[in-house]
Each structure stands twice: as C-alpha cells, then as structure tokens.
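Novice: Can you keep this structure in mind? I'll have questions shortly.
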Amino acid sequence: QVQLVESGGGLVQPGGSLRLSCAASASGVRIRINAMGWYRQAPGKERELVATITTGGSTTYADSMKGRFTISRDNAKNTVYLQMNSLKPEDTAVYYCNAQFTMVVTGRNYVDWGQGTQVTVSS
C-alpha cells in the first residue's frame, strides 16, 4: 500500500560522506505519513535504530550517530533524508527506511519498510 524507495547508498572511504533518500508513495489510497526513520543492519547483527523524525521535525538519534548523522524530511514530498558524515567502517550496513502512516479512510495506523540500500565504508 505504501512504497518506500531508498537511494543514495554506495561505497565510500572512511571519513567520507553519503546522503540517503527515501521517498514514500501510495497508489490508490489516501495516507498520512507520520514519523519516518532510518534503521540499519550489519552482517550478523540485529537491525538497529539510526534516527527518526516526526512530521513536526523532532528527531532522535542512536548515541553512536549523534553529531555525525543528520535526519531531515520534506513533508510535501513525503521524503526523508539521512546525511552521513565522518563515516567509519563500522557504519557498513544495509540501511532501511521506515515510515509510520495512517490510512485516512479507516484511521488505522501501519508501519512499512523500504527494501534497504547498502552502505559500505572501506578504503
């Protein structure tokens, strides 16, 4: 019902930067996007929170990302961004976009995930 399309991943050297984007869209239904966020999963590890942002712009970050990563969103475009600076090899993971949304007709809330985009930090 909701499609989340991520882009911007790739290979970067340690200390470099990447900007991820995630655009949410729905076909045939009216939705209201609420909070959006980014999570990541490294090989052999559980998926973990990176950052979240509400429609009003309030943000939360995992401690290890504070000061290096910045989440932002464009509500008009239903798009969330993740600017990642000072990347480290341990940031290597698949990054997933997450959206909490409300189906306008029913008022029910849902959560959906993107397919993920690979970020590799290596020299």
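Novice: If you plug each phi of region 72-77 into the Karplus form 6.51 cos²θ - 1.76 cosθ + 1.60 with θ = phi - 60°, what whole-Hz ³J(HN,Hα) values come out, in order, with x for Gly and Pro?
Specialist: Once θ is set to phi - 60°, the couplings for region 72-77 become 8, 8, 10, 5, 5, 9 Hz.
Novice: While we're on this one: Quick one: putting +1 on the C-beta of Lys and Arg, -1 on the C-beta of Asp and Glu, what dipole do you get for the chain around its Cα centre, in Debye to the nearest 20?
Specialist: Dipole about the Cα centre, nearest 20: 260 debye.
Novice: Can you give the alpha-carbon Rg of the chain over 2.2 N^0.38 Å, where N counts its residues?
Specialist: Here the Cα radius of gyration is 1.06 times the empirical estimate.
Novice: Here's another thing I want to ask about it. Which of the lysines could a cross-linker span from K45 if the Cα-Cα distance has to be under 25 Å and same-chain partners fewer than 8 positions apart are dropped?
Specialist: K66, K88
Novice: With the full set of protein chains in place, find how many percent of the accessible area of the chain is carbon and sulfur; take the probe as 1.4 Å.
Specialist: 46
Novice: Okay, moving on. Provide the FRET efficiency to the nearest 0.05 for the T54-S123 pair, computing r from the beta carbons and using R0 = 41 Å.
Specialist: Calculated transfer efficiency: 0.65.
Novice: A further question follows. Normalised by the number of residues in region 31-123, what is the relative contact order in percent for Cα pairs under 8 Å and 6+ residues apart?
Specialist: This gives 30 percent for region 31-123.
Novice: For N85 and Q41, what does the FRET efficiency come to when R0 = 22 Å and r is the distance between their Cβ atoms, rounded to the nearest 0.05?
Specialist: Computed FRET efficiency for N85 and Q41: 0.60.
Novice: In cubic angstrom, how much convex hull volume per residue do the alpha carbon atoms of region 1-45 span?
Specialist: 114
Novice: Under a Cβ-Cβ cut-off of 11 Å, what is the net charge of the residues other than G116 that fall near it, where Lys and Arg count +1 and Asp and Glu count -1?
Specialist: +1
Novice: Work out the charge dipole of region 1-87 with +1 on the Cβ of Lys and Arg and -1 on the Cβ of Asp and Glu about the Cα centre, then indicate which of L11, P43, I71 is farthest towards its positive end.
Specialist: Highest projection toward the positive end goes to I71.
The values are calculated or read from the model by the stated rules, or taken from the named source; none is laboratory data. All values reported here derive from a predicted model rather than from experimental measurement. Backbone-built Cβ (ideal geometry, glycine too); neighbour counts: all protein chains shown. Areas reflect the complete protein model, heavy atoms only, side chains present, ligands, DNA and RNA absent. Shrake-Rupley method; radii C 1.70, N 1.55, O 1.52, S 1.80 Å.
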